[in-house]
Each structure stands twice: as structure tokens, then as C-alpha cells.
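What follows is calculated from the coordinates using simple rules that are stated; it is not laboratory data. Predicted model only: the values in this text are computed from it and were never measured. So basically every Cβ, Gly included, is an ideal-geometry build from the backbone, and we count neighbours across all protein chains shown.
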Amino acid sequence: MGRSSVVRSFFLSVQAMASSLLEPSLAAIALVILLASVSLSRKKRPAAPEPQGLSVLGNLFDIPKRASSIIYLALGKPYNTLTKRAVSQLQGYTPGSHIDATSHSPRVFRLPNLEETFSVFPDHGLNPNYTSARTDSRAWINQYTKVVCGPKMVAFMNNCEFELSNSHCYPYAGYKGLKATMDLTNILWLYDEYTDTGSGAEAVKAAGIVARALREPDYDDGTWVCRMMKSFKQNHIDKAGPGVARRFIDNFCNYVEVVGREAELREKNEVLDIPNYVTFRRETSAVRTCFDLVEYCLDLDLPQYVHDDPVFISGYNAGMDLVFWANDLVSYNMEQSKGHSGANVVTVIMKSKGVDLQTAVDFLGGYCEALTAQLLEAKRILQARSDAAYSRDVVRLMDAFGDWVRGNVAWSFETERYFGKENKRVKETLLVELKEPFVGALALKE
């Protein structure tokens, strides 16, 4: 298929999506962008020239609020098959048309095959330091889980094998780096469970403690949150490069701040619209902090001009979005059963666009294919630059983002976190039966 044909296919898909999922004005906006070949950037970001081999297509999530936000979709080899498949999934879509009422009950939905989509990223297997790092990390985090959680919740969290996700996502890390990633992951899951059960005011208070613990060397209020964060900083972040350390502290403090806002939204039963949710989820997912540790594990400390580069941002955002889109997909059933589905992109799309569950899930599957192409194309462009900070160091980083994207999904079907004892069956069939509200949910102190 020639370049003009691909552009025409993308425009047709925009029209189809605009009629069923998005605002009617989106097709016209996307056409203007395509014809003008305009390259736009976010506020306070340097303008990006249109990269060779890319078509500029309006970000389907962000255009209604911010026409300055764009998504680059790869059109050249070897990603044609990927983007064609995404287009065919989304083109001419009728909400609910794919559901076979004779074979599925209305309480069953089918996940997209993300493992197939992410198979374009190499499989580097598990980290050989997994067993020793897991033992030490679990001993460290248990100092705090036993203070916060009851015995059943502690057992459940241990059975989730959070540390195994790090072995998938950081297969290249040495023991020191892998232990740091495991400690961070255990912090994130514990903090998530803690704030999920508390009030918005309690989450805001905890965020203030975290910020002071990370930024004020002499601060110690005696709480478990403060002791945990100061220990993590001393063990790991103080040993990172200055750029990595600064970005990690800023990103983690921002994460806990928006988690406090998430708790407040949950109390109000408020669901954000799509563009605001995208911005919000990039922070509540904490993926930025995990990507900071990618640099740490690779013994990198990239200069700030790299992090400010528009093409780097395009690849970085694609990797980040792929991680939390996939997480929202696999966690939707668990979250809706706990009454927390308002902070999930599946619910956001259904509520904002008035579509059914399966339509929202299928749309996200196609969107993940487009984001995969975006990440790969950003890497290709940066690899061709003469500056070794891009052609060598950033390429290593982008490859590691691929490990994260692929490893995150692989672990999601190995853990019992999302699908319980049905995880192997769900991996094989991709069929998920919706849980009844609050069935099997554990209280924090239980």
C-alpha cells in the first residue's frame, strides 16, 4: 500500500471513529492536520519538525481540548502491518457489533491480544537476579506492610508476586538495580492499596509526608510512610545520577499528589472526560518513576535536553501510555468489582462516548497498536542522529521501554492480582467474566 493510500485509510478510520466514539468535529480537524502537515507541540515544549517517514495525525484523545497535542503514527516499514491492523479494527466500527450473543453472556468481554501486539518488542526473558533480589525486597517491604495491612491482605499481596513483574520488565538489571525496582514496585502497590481505602483528606496528608521525606533530609514524623520513603531514598536514589535523582523525586512527589486527587474524585463519584483522564493517568500510573529507574539500571543519566526533545517525548509518552492502557484493561474487572472503575480508561470511554464495554475495550486494543508504532518510529529517528546521547543511550532506553511494555502484560497473566485463579484461562481465551460488585474484595486490615 502506497503512502497516499495509507493516509487515506487513516482518514477514513478517523471518520468512522468520529461517528461512533469521538466528537463529530474530529474528522475535519484531523483532515486539516493531514493536509497542512503541521507539526504542533505542547505548551512549553520546543516545536518539532515533522519526522521523515511519519504522518501527523491529531491525537484522538487530546484534540477536543488541546489541538497542540499530537500522536505520530508510523507509516513506513516494518510497521505497515501493525498500523493496517489497527485501522481495520477501528474502521467502520459499529458499537457492540462484534458480540456474539449466542456464545457470550452480556457479562463477558474479550480482551484484545496485547501479547501479539507487543511481540514486536524482543523477549529478553526473566532477570537472572530475580530470586535473590525478591527475597531481600520482600523482607524490606514487609516492615511496612505488616503495619498497614491485616494478615489476609499481606498474604494476598505476597501471592500477587509483584516482584516478578520487575524480573520481566528489567531483564538487563544487575542485582542492585533490580532490588531498587522491586522496592519501588512494592511501595507503589502498598501505597495504592492504602490510598484506595482512605479518604481524600488522608491521601493528601500522606502525599505531604512523602514529599517532605524525599526532599528534607532531617524530616522524620515517625510514620511508616515517612520511614519507608526515607529508607528507599537512602538505599537507591541517593546513589543515582543527579538528573535521575531529581527527576525521580519530582515525579514521585507529583504521583502522590495526584493520587490524593484521585481519592477525592472517587469520593465524589466523578469520572473525568477523556483528555483530562489521559493527563491525569500519566501521573497516577507512576510509570514516570519506573522509567526513571530504567535509566538508573542502565547506568545512564541523560541530559535534560534529551528529555525535552519532542521526538524523545513522543517515544517516551507512547511507552508510558502503553503501560497504563494495558494496566487499565487487565485491571478493569477487579476495579469495577471494588467500585473503583471511575479511574479507569475503559469506564471513561464508555461514559464519555456512550458506548458499550466491548467497544471501549476493542478501541483501546487498536489504540495500543498505534502507540506501539509511535514508540518504534521514535526510536528509529533518534537512532539516526549523530549525538551519541540519542543514537546510543536513548536507543538503549527505548529498547528498555519495550521490555517494560511487553513484560508488564506477560506478568499480568502470571499474577493472581487481576484474574485470580482464572489467570491461565484468561490468557488462553482472552475472555473475562465480570465479577459481581465487592465479591472477593479484601479489606486493607483483613
| request: Could you state the orientation-averaged shadow area of the convex hull built on the Cα atoms of the stretch 331-387, in nm² to one decimal? | output: 5.4 nm²
| request: Restricting things to alpha carbons, tell me how big the stretch 226-306 is in terms of Rg and Dmax, in Å. | output: 14.9, 43
| the stretch 269-313 - convex hull of alpha carbons, volume per residue in Å³ | 82 Å³
| said: Just to confirm my numbers, what's the Cα centroid distance between the stretch 215-279 and the stretch 158-202 in Å? | reply: 13 Å
| How are the C-alpha pair distances of the stretch 312-420 spread across 5 Å bins, as whole percents from the shortest bin up? | 2, 12, 19, 19, 17, 12, 9, 6, 4, 1, 0
| task | Hey, could you grab the Kirkwood Rh for the stretch 117-433? Inverse mean 1/r over distinct alpha carbon pairs, Å, one decimal. | result | 20.1 Å
| Hits among aspartates and glutamates - C-alpha to C-alpha of Lys268 under 17 Å, sequence gap 8 or more where chains match | Asp196, Glu202, Glu335
| Likely footprinting exposure, Asp192, Asp218, Asp328, fewest C-beta neighbours within 10 Å first | Asp218, Asp192, Asp328
| query | Once the dipole of the stretch 295-446 is set up with Lys and Arg at +1 and Asp and Glu at -1 on Cβ about the Cα centre, which of Leu397, Leu329, Val311 lies farthest towards its positive end? | reply | Leu329
| Taking the stretch 117-433 and dividing mean pair separation by its residue count, relative contact order in percent (alpha carbons under 8 Å, at least six apart) | 23 percent
| By per-residue mean of other Cβ atoms within 10 Å, what is the highest-first order of 257-269, 384-396? | 257-269, 384-396
| said: Taking 27 Å as the cut-off for C-alpha to C-alpha distance, list the pairs among Lys205/Lys338; Lys152/Lys424; Lys152/Lys435; Lys176/Lys230; Lys205/Lys230; Lys146/Lys424 that go past it. | reply: Lys146/Lys424
| Positive-end extreme of charge dipole, the stretch 117-433 - chosen from Thr197, Cys368, Trp224 (charges on Cβ) | Trp224
| task | Multiply the residue gap between Glu436 and Arg215 by 0.36 nm, knock off their C-alpha separation, and tell me the result in nm, one decimal place. | result | 75.3 nm
| remark: Measuring from its Cα centre, the stretch 117-433 shows a charge dipole (+1 at each Lys and Arg Cβ, -1 at each Asp and Glu Cβ) which, in debye to the nearest 20, is 440 debye
